[in-house]
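Read through the structure below, which is laid out as structure tokens, and then see the notes.
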Amino acid sequence: MIALDIETSGRDKVQCGIWQIGAVDLINLDEFFDECRIGEDEIVEIGATRIHGKNESYLRDPEKKSQIGLLMDFYSWVNKPRKIRDFLCQGPDMDVGFIGVKLRKYDVKNFEQRSFDLHTTAQNKYYELHGEYLIKDCRSDMSLGKILEFCGFPEDPRKNHNALEDAKLTGECYVRIVDGKNLFKEYSKIKVPNYLLK
């Protein structure tokens, strides 16, 4: 299973671009991390720059590889020999959906990817423990920050969003929820809560 996160220039999958992809194979801990420039025809939303802390000139840096170059490098990495190629994302509709839209933009065929959803996994475990879902204003309140808290992180370790760090945190939380144990060495000092231990 491959934990995946992307960073984009906004939420609109057609008008905005991907500029960073981070992924880690949760079985052999093989990592992928790279950046590119967004397309000339793609926009930068102000909200996105607040999340990842990069400005428009950074996202359009002509010295960086093209978006299609990044996507093809990632596609090659995914297709290396693996036990499970399915993705794990906080919200696959965003990450996998965005990648799919961009691959279609560049006329790349045969990208079909099944995905596991950390959000649902966390909500189901929360329900198992509390008899209710974590809801606010009639909607799920299970953000990655809340999942981190649920999985024993005393505070969100992210200063700005980074695709590889978010992919690792997604994988770490998934393993804590499903297997009741720590996965990555860098998070080993943060104890798995007793209610998640097997």
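What follows draws every value from the coordinates through simple rules; no lab data is involved. Note that this is a predicted model, so its numbers are computed, not measured. Virtual Cβ from ideal backbone geometry, glycine too; neighbours counted across all protein chains shown.
Sequence neighbours fewer than 8 away in the same chain don't count; with that in mind, list the aspartates and glutamates whose C-alpha is under 13 Å from Lys125.
Straight-line reach from Lys125, under 13 Å: Asp117, Asp179.
Only helical DSSP H runs with n ≥ 4 go in: add -39500 (n - 2.57) per run for the chain, normalise by residue count and round the 222 nm mean residue ellipticity to 500 deg cm²/dmol.
The helix contribution divided over the chain gives -11000 deg cm²/dmol.
Anyone know which of Cys138, Cys151, Cys16 comes out most mobile in the 10 Å Cα GNM of the chain?
Cys138
Residues with amide H under 5 Å of Cys16's amide H, sequence separation 5 or more or different chain, H placed in the peptide plane at 1.01 Å from N; which?
The answer is Ile43.
With an 8 Å Cα cut-off and a minimum separation of 6 or more residues, compute the relative contact order for region 117-196 in percent.
Reported as a whole number, the value is 27 percent.
Give, in whole angstrom and from largest to smallest, the semi-axes √(5λ) of the equivalent ellipsoid of region 117-196, with λ running over the eigenvalues of the Cα gyration tensor.
20, 15, 10
With charges only on Cβ, +1 for K and R and -1 for D and E, what is the dipole size of region 83-198 about its Cα centre, in debye, rounded to 20?
400 debye
Run the reach check for Lys102 against lysines, Cα to Cα strictly under 17 Å, same-chain hits fewer than 8 apart removed. What comes back?
Counting by Cα, and skipping residues close in sequence, Lys102 has these lysines nearby: Lys13, Lys65.
Please report, for the Cα atoms of the chain, the Rg to one decimal and the Dmax as a whole number; what are they, in angstrom?
17.0, 52
Which whole-number percent of Cα pairs in region 53-140 have a distance greater than 22 Å?
Distances greater than 22 Å cover 48 percent of the Cα pairs.
Within 10 Å, at most 15 other Cβ atoms, and a DSSP state outside H, G, I, E, B define an exposed site. Report the longest part of the chain free of exposed chymotrypsin sites (Phe, Trp or Tyr not before Pro).
1-105
Please identify the GluC sites (Glu not before Pro) of region 88-169 that satisfy two criteria: DSSP loop assignment and at most 14 other Cβ atoms within 10 Å. Which are they?
Here the sparse-neighbourhood loop sites are Glu112, Glu132, Glu155.
Return a whole-number percent for the relative contact order of the chain, with Cα pairs under 8 Å and 6 or more residues apart as the contact set.
For the chain, the relative contact order is 23 percent.
As an exercise, identify the trypsin sites (Lys or Arg not before Pro) in region 26-110 lying in DSSP coil whose Cβ has no more than 12 other Cβ atoms within 10 Å.
Qualifying residues, ordered by number: Lys83, Lys109.
Bin width 5 Å, alpha-carbon pairs only: give the P(r) of region 1-77 as whole percents, running from 0 to the bin holding the largest distance.
Values per bin, smallest distances first: 3, 17, 26, 23, 16, 10, 4, 1.
Counting only pairs 8 or more places apart or on different chains, how many lysine pairs in region 134-198 have C-alpha atoms closer than 13 Å?
5
Determine the relative contact order of region 2-115: mean sequence separation of Cα pairs under 8 Å and six or more apart, normalised by residue count, in whole percent.
Here the relative contact order equals 28 percent.
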